[in-house]
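Throughout, read-outs are computed from the coordinates displayed, never taken from laboratory work. Since this is a predicted model, take the numbers as computed values, not measurements. Don't worry about glycine lacking a Cβ; one is built from the backbone with ideal geometry, like all the others, and counts go over all protein chains shown.
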Amino acid sequence: MLTTNTTTIHLHTAFKVDVVDPRIFGGFLEHLGRAVYEGVYEPSSAHADDMGCRTDVLEALKRLNFTAMRYPGGNFVSGYHWQDAVGPRDKRPITRDLAWQSIETNQFGPNEFVTLSERMGWTPMMAVNLGTGTPEEARNWLEYCNIESGSKWANLRIEHGYEKPQNIRLWCLGNEMDGPWQIGHVPAEQYAISAQQTARMMKMCDPNIELVVCGSCAPELPTYLEWDRQVLEHCRDDVEYLSLHRYVGNADDDTPDFLAVTNSIDRQIEATDAVCRAVHHTKKTRKRVHLSFDEWNIWYRARSGEHVDGRGKFAAPLLEEVYNLEDALVAAGFLNSFIRHADSVKIANLAQIVNVIAPILTKGDDMLIQSIFYPIEMYSKRRTGTSLQLVVDGPGYQSKSHGYVNTIDASAILNGNQLSVFLVNRDLTKPMEVKIKLGDANVTQLVDAEVVSGTDPKMANTYECPALVRSHAHSEVTIEDGVATIYLPALSVYAGTLLLDR
Ligand code: AHR
């Protein structure tokens, strides 16, 4: 017979981490595989709108309510020249993308992206090319986007039919420049000098922008954290954010170990933040540099061979991961970690949004919602407020690679008298009773809650069975003496909102 374990989560409304920046619910759209073409943009689709964008995909993306949307890459950006993709479509050249060995038609470019962002309520987060591009090319793009009129690049935007400045505030200074695979990869100091020159020229052009400088993109790289230190020693006063990236996977098919990866995401954030704080302290900088976790996801199945080689084709199916239930739990773990670190992580971008390592897949005019879609939707609905510290007191286990973890991974957001709790039950077979106990307030009522769960960690949606893994309303909660007891199934992600009396 199955026994039910108990975990108690202790909170206090005065023990705040920080306001949760809505931009941690960001996304990423790269010119890669079928992300742009056949993903968001497909004029020949039965779903195409007046812009040629797929309404079915956009409607699904709206449910995720993304904030900052990073564009146009990724590795792609390190060989990208923005001028190729603006102006009359019939004059735009066809170019060869070396990062993914693909053909780029430039029929969808930055202006189309900005229009789409306005329609979707996204905050554009543009990445400039610091691989083959120059600081001046980056600064010209900024002038094109943000300056009213009266100079060459601003006038060109107007000539292209965009009368009003686009006022793009968030810019990334290149992509993964520490990665040896990156076009134009150079040692840290060389990148730092070019990033600083670019940052200064861009801020001379528009002082209202915010900049993200490339930090370490993977803990496995030999330059991990040392790269960050060197970059910040040069650029600390010129940028607002340092980037970090993380892709995780279950190549060894060890689900408990995979689910424990949240520990190492926490450590990655804390170590990177420690470098920011150390430079801030030793160099007496004017402001603290925060973190932009601008690529995160599960990516290990479609990561080599034909999955990453476009073979000179246009819109080849690349990086098309199929996500299952255990991946949904890990996606929720990433979000828990960002919420727990609301004081340092101000931006985070799910990489990516459609077809390429994405919550949504398309096939012809069909569309499939994958497992990782649901935790993002459930969390995003409840993202407003302040992250609270929490103490998780309950059973746990020793994982193979990530040390000891609590069976329940958790985060919490307080918004007035509403407390949202986010829980992952990592137990493969046992349900868990989770008690929510506040030191200074009583839980009085459940507002609403949803859960994703299943018996098989490998269960995944398919075009034939599209709803095997999805969210369901959840009301299995009792409230007694101001303490809520939530009954969580095994292998589950839960997001619920409780009313407090305080
Ligand atoms: O998101 C897919 C790729 O992963 C991006 O292009 C790159 O930045 C990272 O290595």
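So here's what we get for this one:
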item: Selection from Leu156, Val447, Leu11 lying farthest towards where the dipole of the chain points positive, charges on Cβ; result: Leu156
item: Cβ-Cβ FRET estimate between Leu499 and Lys91, R0 fixed at 60 Å, reported to 0.05; result: 0.55
item: Ordering of 481-491, 151-161 by packing [mean C-beta count within 10 Å, highest first]; result: 481-491, 151-161
item: Ordering of 187-199, 165-177, 268-280 by burial proxy (mean other Cβ atoms within 10 Å per residue, highest first); result: 165-177, 187-199, 268-280
item: Nearby lysines by direct alpha-carbon distance to Lys430 (threshold 22 angstrom, same-chain neighbours under 8 apart not counted); result: Lys400, Lys458
item: Chain lengthening between Arg277 and Phe15 when straightened (0.36 nm per residue, less Cα-Cα); result: 92.2 nm
item: Helix 262-282 vs. the chain, principal-axis angle (Cα, 0 to 90°, nearest 10); result: 60
item: Extension gain from Asn167 to Val322, taking 0.36 nm per residue of separation minus the Cα-Cα distance; result: 52.1 nm
item: Rounded Å value of the spacing that divides the Cα centres of the range 449-502 and the range 135-185; result: 43
item: For the range 386-442: relative contact order, % (alpha-carbon pairs under 8 angstrom, 6 or more apart); result: 26
item: FRET E, pair Ala467, Gln107, Förster distance 45 Å, beta-carbon r, rounded to 0.05; result: 0.85
item: Segments 448-459, 20-31 sorted - mean Cβ within 10 Å per residue, highest first; result: 20-31, 448-459
item: Point-charge dipole on Cβ atoms (K/R +1, D/E -1) for the chain, about Cα centre, debye to 20; result: 980
item: In degrees, nearest ten, helix 55-64 long axis to first principal axis of the chain (Cα); result: 50
item: Nearest 10 degrees, 0 to 90: helix 226-235 Cα axis against the chain principal axis; result: 60
item: Relative contact order (%) - criterion: Cα under 8 Å, at least six apart; region: the chain; result: 20
item: Relative contact order for the range 380-491, counting Cα pairs under 8 Å that sit 6 or more residues apart, in percent; result: 25
item: Extension gain from Glu226 to Thr285, taking 0.36 nm per residue of separation minus the Cα-Cα distance; result: 19.4 nm
item: Nitroxide proxy distance, nm - points 7 Å out along Cα→Cβ at Arg119 and Asp49; result: 0.4
item: Per-residue ³J(HN,Hα) for the range 12-22, Karplus 6.51 cos²θ - 1.76 cosθ + 1.60, θ = phi - 60°, Hz, x for Gly and Pro; result: 8, 5, 8, 8, 9, 8, 4, 5, 6, 6, x
item: Spatial separation of Cα centroids for the range 190-232 and the range 243-310, in angstrom; result: 17
item: Distance violations [Cα-Cα > 31 Å] among Lys287/Lys437; Lys381/Lys435; Lys16/Lys283; result: Lys287/Lys437
item: Distance between modelled label sites at Thr134 and Glu480, nm, 7 Å Cα→Cβ extension; result: 7.4
item: Estimated FRET transfer efficiency (Asp393, Ser149; beta-carbon r; R0 51 Å; 0.05); result: 0.25
